[in-house]
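Read-outs throughout are calculated quantities, based only on the coordinates presented, and are distinct from any laboratory measurement. Computed from a predicted structure; not experimentally measured. Cβ placement follows ideal geometry from the backbone for every residue including glycine, while neighbour counts extend to all protein chains displayed.
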Amino acid sequence: MASTKNRLSALYFDHKSFVNGTSFRVGRQSPTGGGVLYRFDGAQAGYTFAPKWKVNAVMGVPTESLLDARRHFYGASLDAEALTKEISGSVYVVQQVIDGEVDRRAVGTGRATSVVACRPRPNWTMTSS
């Protein structure tokens with residue numbers, strides 16, 4: 001007899017204020033960029049501080065289990081929208097921790113048209129999505 005395993009893929013509360021430029025999402029959610037790689041339980045928040053510019057923060061726990069490990073991650077990003085017809089993008093930094101040890105640190109960009117110049121440090125990876 002085959003067994004099936006049901007999984008909750010998304011269940012979150014999402015709030016966006018067009019008056020003060022804030023956004024907030026909490027719950028089980030899929031990654032929306034910013035270097036996050038997996039579905040997670042957590043929170044994302046953003047603030048549009050100037051026209052075309054937004055700063056974001058994310059923190060959470062991946063939903064896929066990894067033995068008995070305790071995992072979490074946190075990160076921040078800066079989005080620039082339509083600076084010109086050709087240039088939009090984001091830059092981010094994210095860190096993932098497993099059982100108190102750094103598992104992954106990354107600095108990256110969200111668009112091929114964006115350029116980030118930085119010097120990788122030990123345990124840092126450069127990515128582009």
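Before moving on, here are some points about what is shown:
- Coil-residue trypsin sites (Lys or Arg not before Pro) of region 52-88, DSSP, other Cβ within 10 Å capped at 14: K52, R70, K85
- Potential extension, A10-L83 segment - 0.36 nm per residue separation minus Cα distance: 23.0 nm
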